[in-house]
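Report on the structure given below.
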Amino acid sequence: MNKRYLLLAGIIIALGVGILFMPAKDTSKQTQPELLLAAIDDPSRFLSTDDITDRLVKKDPALMVIDVRSESQFKAFSIPGAINIPADSLLSASAQEILNQKEMDKVFYSNADVTSDQAWIICKRMGMQRIYVMQGGVNKWFNTIVKAEKPAEAAPIEAMELYQFRIAACQYFFGSPLMASTPKVAADKKKVSVVKKKSEAASGGGC
Amino acid sequence: MDELNKTNRLTIAVIGIVLVIIIGLVTLRRPDIKYSLTPAESLALLNDPASVITPEKATALLKDSSGKTVFIDVRNSIAFDRGHIKNAVNIPVRELFAKKSMSAFRDIEKAGQTAVLYGETQQQANGPWFMLRQTGFKNVLLFTGSYTQLDIANSDSTTRFLPQLSETPLINTAALKAISTPVAGGKDIVKPAQKAKKAVAPVKKEASSGGGC
């Protein structure tokens, strides 16, 4: 036997044993920390409340609005059409099944955009695609859509159009511009002049 | 002669294999930054009140001069130059995993200090904080307010700054229900039907909240 054969065989065996003790390779498709940080630094994951409202009104079938707050908060008030996945149960099997629907745009929201952003980071780390965060959360949604503020007289036409869109969206969701300040005053005034003692009036309609 | 040729070839083969192994080991890229928490552990971290600094706690920390706390400013350098917390270190979000920043965080860890991350908003510091935590830094805390809040607390300790946190629910749901239900009850409404059912009674009295165009 040639000694070199033994050496060669020894090296090969040592390699084989080495492979045996190698740490199990991470087979999951996790986003690497550097890439995830770059994604965090990129504000394109934020969608505005108006954009989402627009898509909700248009009944966009590819849009899924996900409320990551607790169930009690979700029940108290939520954006119409949203589903509830509390942040704690984000990794449960049922939640994962919903979130892994590739053809859907998943938009997270919480009261502000911190919890929802944390949920986004976890999901992004797990390699999910088409996930977004609603900028400002439901607090902002409420303040811009439900409590839409009428722009000043001199405001550009875009501001007026945006305001009218918000009022219309609110009417679509709730049947009336709930808290929109100015139109309510107008409606009250109208009531004073039109109401004929009945007070029943059912003036609740609007157009 | 033939025997000599054979041994030569063997020698070359041995050297070749050893070379390949050495080159493989040298060029093996080991990522510097790795996750040390699983997604489930990271998620559990979010409910841990010990990993955040509320504005109230921050006020005490700002007065404390023992040097146990290092404030990290994650805003960009322009904003940092315009104004920042005294002794704060500027590490913009995108430079968080740069070698320089990483060694800064390791130094803080070695010195037994605590790093408190703050940004323009809580949201801005949230990402860097979460990434540092997931990659194994245990001594990194998140300030749950904005830079402005921290700055006010810093400049004048007697002023009570807004204690409001960004994730505070602001919607007065009770008031909302009172307003929305009369209309919702009367109209064929699409989604929040369950809300409407709860209080249909006041429909008769309250017609005032009418829509109008």
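The values are calculated or read from the model by the stated rules, or taken from the named source; none is laboratory data. Computed from a prediction, not measured in an experiment: that's the story for all the values here. Heads up, the Cβs are rebuilt from the backbone with ideal geometry, glycines too, and the neighbour counts pull from every protein chain shown.
Only one of the numbered conditions (1) at pLDDT 75 or above; (2) on the phi < 0 side of the Ramachandran plot; (3) surrounded by fewer than 19 Cβ atoms within 10 Å (Cβ to Cβ) is violated by B:L142, and that is (3). In the set B:D73, B:D81, B:D64, B:D48, only one residue is within 14 Å of chain A (Cβ to nearest Cβ) and of a type in the set (D, E); that residue is B:D48.
Scanning the range B:20-32 finds no residues that are at pLDDT 90 or above and among the small types (G, A, S).
Within the range A:111-119, can one find any residue that is more than 9 Å from every other protein chain (Cβ to nearest Cβ), modelled with pLDDT of 90 or more, crowded, with 22+ Cβ neighbours inside 10 Å and touching a strand residue (DSSP E or B) at 6+ places or on another chain (Cβ under 6 Å)? Yes, that holds for at least one residue.
Among the criteria (1) more than 8 Å from chain B (Cβ to nearest Cβ); (2) within 22 Å of A:D54 (Cβ to Cβ); (3) of a type outside the set (D, E, K, R), the one A:M128 does not fulfil is (2).
Among the residues making up the range B:38-91, those that are of a type in the set (G, A, S) and part of a helix (DSSP H, G or I) are B:A40, B:S42, B:A44, B:A50, B:S51, B:A58, B:A60, B:S77, B:A79. Looking across B:E56, B:E41, one residue alone is acidic (D, E), within 13 Å of chain A (Cβ to nearest Cβ) and surrounded by 11 or more Cβ atoms within 10 Å (Cβ to Cβ). It is B:E41. Just checking, does the range A:21-41 include any residue being surrounded by 15 or more Cβ atoms within 10 Å (Cβ to Cβ) and away from chain B (no Cβ under 12 Å)? No: zero hits. Scanning the range A:42-76 for residues that are within 18 Å of A:V114 (Cβ to Cβ), within 11 Å of chain B (Cβ to nearest Cβ) and not in a helix (DSSP H, G or I) turns up A:D42, A:F46, A:V68, A:R69, A:S70. Selection over the range B:86-95 of residues that are over 19 Å from the mean Cα position of the chain (by Cα) and either crowded, with 18+ Cβ neighbours inside 10 Å or among the polar types (S, T, N, Q) (or both) gives a count of 1.
Check whether at least one residue in the range A:90-97 is within 10 Å of chain B (Cβ to nearest Cβ), outside any helix (DSSP H, G or I), surrounded by 15 or more Cβ atoms within 10 Å (Cβ to Cβ) and within 14 Å of the chain's Cα centre (by Cα), and report yes or no. Yes; the residues of the range A:90-97 include at least one that is within 10 Å of chain B (Cβ to nearest Cβ), outside any helix (DSSP H, G or I), surrounded by 15 or more Cβ atoms within 10 Å (Cβ to Cβ) and within 14 Å of the chain's Cα centre (by Cα).
Screening the candidates B:S180, B:S157, B:S208, B:S166 for the property of being at pLDDT below 90, buried (at least 19 other Cβ atoms within 10 Å of the Cβ) and part of a loop (DSSP other than H, G, I, E, B) yields one hit, B:S166.
Which number in (1) touching a Lys or Arg at 6+ places or on another chain (Cβ under 6 Å); (2) under 25 Å from A:T31 (Cα atoms) marks the one condition that B:E120 misses? Condition (2) is where B:E120 drops out. Kindly indicate whether any position in the range B:25-36 is within 11 Å of chain A (Cβ to nearest Cβ) and in contact with a Phe, Trp or Tyr (Cβ under 6 Å, 6 or more places away or on another chain). Within the range B:25-36, one or more residues are within 11 Å of chain A (Cβ to nearest Cβ) and in contact with a Phe, Trp or Tyr (Cβ under 6 Å, 6 or more places away or on another chain).
Yes/no per residue for (1) in the same structural domain as B:L96 (by TED's automatic domain parsing); (2) touching a residue at least 24 places away in the same chain (Cβ under 8 Å); (3) within 16 Å of the chain's Cα centre (by Cα):
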position: B:N5; (1), (2), (3): no, no, no
position: B:N8; (1), (2), (3): no, no, no
position: B:V18; (1), (2), (3): no, no, no
position: B:T27; (1), (2), (3): no, no, no
position: B:K34; (1), (2), (3): no, yes, no
position: B:A44; (1), (2), (3): yes, no, yes
position: B:V70; (1), (2), (3): yes, yes, no
